[in-house]
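J.: Structure provided below as structure tokens; questions to follow.
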Amino acid sequence: MSGYSLRELAECESTQDVAWDCEPGTFVVADRQTGGRGRSAGRHWFSPEGGLYMSWRLGPVEPAGFSLLGGLAVVRAVRHWGVPGWLKWPNDCWVGRAKIAGVLPDCRWRGSQCVGLVLGIGVNVCVEALPEGAVSLHRLCATSPTVAEFGEWLRGQLCELLAVHEKVGVSGYLPEVRSHSLPPGSKIAYWIGTERFEDEVVDLDDQGFLVVRSAGRLTAVDRLIPLKF
């Protein structure tokens with residue numbers, strides 16, 4: 001995609017919902033959300049002023065790997081401002097043991113074909129009051145970007161990664177994803193449904209799915225907590 005359009009709002013319920021009504025290639029950005037959503041049903045994204053709340057409307061794409069694509073773009077952006085963010089599989093960016101960003105892909109299907117996708121991203125850029133376990137970029141870097149500056153740089157990374165994805169798929173950026181993910185041997189706790197497990201990270205497979213020592217490939221992890229870096 002060579003270019004994009006930008007729709008900026010002061011407030012909306014969710015940029016995800018607005019984006020579905022936009023033309024493919026449109027980024028929707030809001031100063032505040034009243035109903036921001038997390039990855040699982042019933043979870044909400046805390047959305048006061050000072051955060052980047054953005055959704056990217058795309059047409060038919062290969063959806064496999066899009067959580068990683070979005071997460072990697074955020075990691076690149078955070079690191080551009082000197083903050084050592086890492087990718088917590090499959091869709092969060094953390095700094096140390098605190099969450100700084102989340103990614104939410106929504107896909108619409110016709111049979112087995114993806115006919116459209118919206119990639120939502122929420123980043124704590126200059127948020128003052130945060131829930132426990134979260135962190136904001138402006139508290140971590142010497143010279144913090146504005147939300148607009150961060151958003152512009154992030155959109156450039158997303159477009160760059162999309163070009164790779166359209167050409168070769170997730171394999172084109174998977175080595176970089178691995179380099180910013182928990183290393184093999186890391187101890188993790190994770191949930192599948194309501195059942196909790198503790199295992200050891202082996203790797204990401206060639207499609208970007210998490211592989212652990214005892215359970216093989218996982219495709220539906222609800223939550224993941226690093227127990228040991």
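Every number here is computed from the coordinates shown, using simple stated rules; none is lab data. These numbers were taken from a predicted model, which means no experiment stands behind them. Cβ sites come from the backbone with ideal geometry, for glycine too, and all protein chains shown count toward neighbours.
J.: Run the quick spin-label model on Ser186 and Glu198: label points 7 Å from Cα toward the beta carbon, then report their separation in nm to one decimal.
T.: Reported label-point gap for Ser186 and Glu198 is 1.8 nm.
J.: Mean shadow of the chain, computed from the convex hull of its alpha carbons, in nm²?
T.: That works out to 12.1 nm², a quarter of the Cα hull's surface.
J.: 5 Å is the cut-off here: which amide hydrogens, built 1.01 Å from N in the peptide plane, fall below it relative to Glu13, excluding neighbours closer than 5 in sequence?
T.: It is Thr34, by chain and number.
J.: For the chain, with a Gaussian network of springs between Cα atoms less than 10 Å apart, report the residue from Val202, Val125, Val103 with the top mean-square fluctuation.
T.: Evaluated over the chain, the most mobile residue of the options is Val202.
J.: Where does segment 187-228 land on the Kirkwood hydrodynamic radius, alpha-carbon pairs, in angstrom?
T.: Working: mean 1/r = 0.0974 Å⁻¹.
When all Cα pairs of segment 187-228 are included, the Kirkwood radius is 10.3 Å.
J.: Classify segment 74-198: rounded, prolate or oblate, from the alpha-carbon gyration tensor (a ≥ b ≥ c, eigenvalue square roots; a/c under 1.5 rounded; otherwise prolate if a/b is larger than b/c)? Kindly include the intermediate steps, with their values, before the conclusion.
T.: Working: a/c = 1.55, a/b = 1.16, b/c = 1.34.
It comes out oblate by the Cα gyration axes.
J.: I would also like to ask the following. Apply 1/(1 + (r/R0)^6) to the Cβ-Cβ distance of Ala98 and Glu23, taking R0 = 45 Å, and write down the FRET efficiency to the nearest 0.05. Each step should come with its number before you reach the end.
T.: On the way: r = 36 Å, r/R0 = 0.80.
The formula returns an efficiency of 0.80 here.
J.: Starting from the Cα of Arg79, move 7 Å in the Cα-to-Cβ direction to define the label point; list residues of segment 182-211 whose amide nitrogen is under 15 Å from there.
T.: 182-183
J.: How would Lys88, Lys167, Lys99 line up from fewest to most surrounding beta-carbon atoms within 10 angstrom?
T.: Details: Lys88 22, Lys167 8, Lys99 17.
Final ranking by Cβ density, sparse to dense: Lys167, Lys99, Lys88.
J.: Using the alpha-carbon centroid of each, what span in Å lies between segment 186-217 and segment 5-37?
T.: Distance between centres, Cα-based: 33 Å.
J.: Please list the non-local residues whose amide H lies under 5 Å from the amide H of Gly116, H modeled 1.01 Å from N, same-chain partners needing a gap of 5 or more.
T.: Hits under the 5 Å cutoff: Val61, Arg108.
J.: For Val212, enumerate residues with amide H under 5 Å from its amide H, sequence gap 5+ or separate chain, H modeled in the peptide plane.
T.: The list, which skips near neighbours in sequence, is Val202, Leu218.
J.: How would Cys141, Cys159 line up from fewest to most surrounding beta-carbon atoms within 10 angstrom? Don't skip to the end; give the middle numbers.
T.: On the way: Cys141 13, Cys159 17.
Listing Cys141, Cys159 from fewest to most nearby Cβ atoms yields Cys141, Cys159.
J.: Here's another thing I want to ask about it. If the cut-off is 16 Å between C-alpha atoms, which aspartates and glutamates fall inside it for Lys187, apart from same-chain ones fewer than 8 positions away?
T.: Glu198, Asp199, Glu200, Asp203
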